[in-house]
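The values are calculated or read from the model by the stated rules, or taken from the named source; none is laboratory data. Bear in mind the structure is a predicted one, so any value in this text is a computation, not a measurement. As a convention, Cβ positions derive from the backbone with ideal geometry for all residues, glycine included, and neighbour counts pool all protein chains shown. Note: accessible area is taken over every heavy atom of the protein model, side chains too, but ligands, DNA and RNA are not part of it. Shrake-Rupley method; radii C 1.70, N 1.55, O 1.52, S 1.80 Å.
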Amino acid sequence: MTIPRQIGPETGPRTALPDYSRSTATVERMVSDLRAPGRRSGARGAGVRTLVPRAATRDTVVRAVVSALALGTALVLAVVLVALWLTLEDGHAPGIGLLLVMFPLGGAMILIGLLGLRFGLAALGTARSRVEITEEGLHVVGALRSRTVPWHRILAVESRAVHPVHWLTAALRLHGGSRVVMAAFDRHIWTYSEPAGQDIRALRTELHRRQKASAARI
């Protein structure tokens with residue numbers, strides 16, 4: 001803050017203080033940004049707030065590496081199975097010993113391949129996913145598609161939703177029983193026991209506020 005000083009002996013002593021009138025709008029914007037939920041916020045338009053994964057770059061790289069390793073392992077197992085099959089003589093069925101080797105290898109190849117695909121989709125979802133909060137509703141962007149959900153269709157925000165691809169994540173529970181998964185809130189295995197983050201609590205608070213406002217209008 002500027003220290004007050006005396007000005008001009010010819011005009012009489014006057015105290016000069018800093019003029020904050022032009023800073024008012026800036027301060028108001030800063031306070032508004034602090035109140036906005038989310039770890040990172042960006043504006044796609046007026047009144048739009050964006051929630052993104054906590055560590056999107058790190059999680060994308062880790063999941064992509066795991067996906068590449070799993071798919072590579074599945075490819076190696078596929079080559080081994082083909083090589084074993086080619087060892088059979090024409091017109092002869094595989095023996096029981098060879099079948100006992102090929103069946104476990106085939107099962108492992110399928111499981112590891114599915115795991116690789118899962119981590120590949122999760123990596124793509126982490127790179128693309130976000131949740132945009134607007135006056136009309138929530139715009140949820142996932143790995144393969146996006147969807148806008150109006151506020152009046154949202155019944156609750158689930159912080160521990162289980163999904164075959166996303167595993168433990170968050171989702172919007174809609175009227176009618178359907179759900180919309182929010183890939184931006186996919187959780188790692190080592191964070192399963194942690195409580196819901198600030199973003200989920202902010203979404204719930206906003207939803208409850210709008211539900212109360214809607215009930216009051218009725």
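Near Lys212: Cβ cut-off under 14 Å, other residues only, Lys/Arg at +1 and Asp/Glu at -1. The net charge is +3.
Derived scalar couplings between HN and Hα for the range 101-117 equal 8, 6, 5, x, 5, x, x, 5, 4, 5, 5, 5, x, 5, 5, x, 5 Hz in order, rounded to whole Hz, by the Karplus curve 6.51 cos²θ - 1.76 cosθ + 1.60 (θ = phi - 60°), x for Gly and Pro. Using 1/(1 + (r/R0)^6) with R0 = 41 angstrom and r between the beta carbons of Leu99 and Val165, what's the FRET efficiency to the nearest 0.05? The value I calculate is 0.80.
Solvent exposure of the range 61-218 amounts to 58 Å² per residue of accessible area, where only protein heavy atoms count and the probe is 1.4 Å.
Charging the Cβ of each Asp and Glu at -1 and of each Lys and Arg at +1, and nothing else, the dipole of the range 55-152 about its Cα centre rounds to 300 debye.
Note on exposure: Asp90, Asp59 ranked by accessible area (1.4 Å probe, complete protein assembly) read Asp90, Asp59, with the most exposed listed first. Take 134-147, 73-86 and order them by the average number of nearby Cβ atoms within 10 Å per residue, most first; the result is 134-147, 73-86.
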